[in-house]
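What follows is a single structure, written as structure tokens, with notes after it.
The values are calculated or read from the model by the stated rules, or taken from the named source; none is laboratory data. This one's a predicted model, so the numbers in the text were calculated from it and none came from an experiment. Positions of Cβ are generated from backbone atoms using ideal geometry, with glycine treated the same way; all protein chains shown enter the neighbour counts. Side chains are part of the model used for accessible areas, which takes the heavy atoms of the whole protein and leaves out ligands, DNA and RNA. Shrake-Rupley method; radii C 1.70, N 1.55, O 1.52, S 1.80 Å.
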Amino acid sequence: MPVAERSMLKHINEVVELNLVIISLLIELVKHADNFYEEGKKKHLPTVNDLNPNRRFVENEIIALIRSDNALMHKVSGVSGIWLKNDHDVVRKLFSELFKSELYTKYISTEEKGTDIDQRFIVNALNEIILNNELVHHILEERSIYWNDDLPFVAAIVMGQIKINKIINPSSAFKDDSDEKFALKLFRDTINNNKEYEDIIVKFSKNWELDRIAVMDQLFLKMAFAEIFSMEDLPVKVSMNEYIEISKYYGAAKSKLFVNGLLDNVVKTYTREGKIKKIGRGLV
């Protein structure tokens, strides 16, 4: 158990590194753009656009905000090698794709100015092009097999910070000590009560054999049971909704219906029998 716990906490905290890796990719794209514009001026027969490039992307206010945070930039520089020290030339290829896009053309040509315009461009660029790139996914997967699963959630956090013009320098994946304690308790209770939870699944799934139930669906249910039965201050409805949502992402097409139906039956039955104990009103 201790070995597995350390491994889990290590992978959870690597989410902080992924956050920095996403920010570092933005910074490397801007650096490449700056060099691209400067090299254009040195052409044998430069055009007017080469001599007077539109530097709106390089001077984007969100990028400037990130670069003004010395502590954040120190961390970012420590992870930027993932984009630079490989044979894929990903920064150049990605900038070329971005540069040729309608999104980029509209951004640098619009007469509208302001932080909100810069924010919207960076968010759309991340969402539509940068983090949707197969080569980016490949490089992230080479670093960690978990990162492509984590990417949508971490990207949502980064884009949320951009929208409020506040890039946070992350130090931990956990908001505070209570979050880490919650993760460990959920982990331990799920494993320690595994047999009991398996029996509940079989009982409420009309006596199906466990090997007929997807392993991921079993995990969703066991974790939900751990929250519902052993965490007295956590509302039952919150736990149910969380695992129904998780099943949509990690489960099969019918996982949501299966998890929802079985949890609903278990909660109704155990509440009626007085087996679900919660502290505080309205938690059951």
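Structure notes:
- Choice from P170, P152, P53 with maximal GNM fluctuation in the chain (Cα, 10 Å cutoff): P53
- Between T269 and D177, the simple spin-label model (points 7 angstrom out along Cα→Cβ) gives 4.0 nm.
- Three-way shape label, the range 56-172, alpha-carbon gyration tensor, a/c 1.5: oblate
- Around R143: net Lys/Arg minus Asp/Glu count, Cβ-Cβ under 10 Å: -4
- 222 nm mean residue ellipticity, helices alone, for the chain (DSSP H n ≥ 4; -39,500 (n - 2.57); rounded to 500): -22500 deg cm²/dmol
- Here the range 214-284 and the range 1-77 have alpha carbon centers that stand 41 Å from each other.
- Qualifying trypsin sites (Lys or Arg not before Pro) in the range 78-114, DSSP loop, other Cβ atoms within 10 Å at most 13: K85, K100, K113
- For the listed residue pairs K10/K237; K206/K268; K75/K113; K10/K203; K93/K256; K41/K166, the alpha carbons are over 27 angstrom apart in K10/K237; K75/K113; K10/K203; K93/K256; K41/K166.
- Counting only protein heavy atoms and a 1.4 Å probe, the range 107-177 has 56 square angstrom of accessible area per residue.
- Chymotrypsin sites (Phe, Trp or Tyr not before Pro) restricted to the range 175-284 and DSSP loop, no more than 15 other C-beta within 10 Å: W208
- For the chain, the spread of Cα positions along the three principal axes, ordered from largest to smallest, is 82, 38, 38 Å.
- FRET efficiency estimate (nearest 0.05) - Cβ-Cβ, H44 to S144, R0 35 angstrom: 0.20
- Exposed GluC sites (Glu not before Pro) absent: longest stretch of the chain, with sites in DSSP loops and at most 12 other Cβ within 10 Å deemed exposed: 113-208
- Here the accessible area is traced with a 1.4 Å probe on the protein chains. For the range 56-211, carbon and sulfur cover 49 percent of it.
- Separation of the L9 and D233 label points, Cα + 7 Å toward Cβ, nm: 2.1 nm
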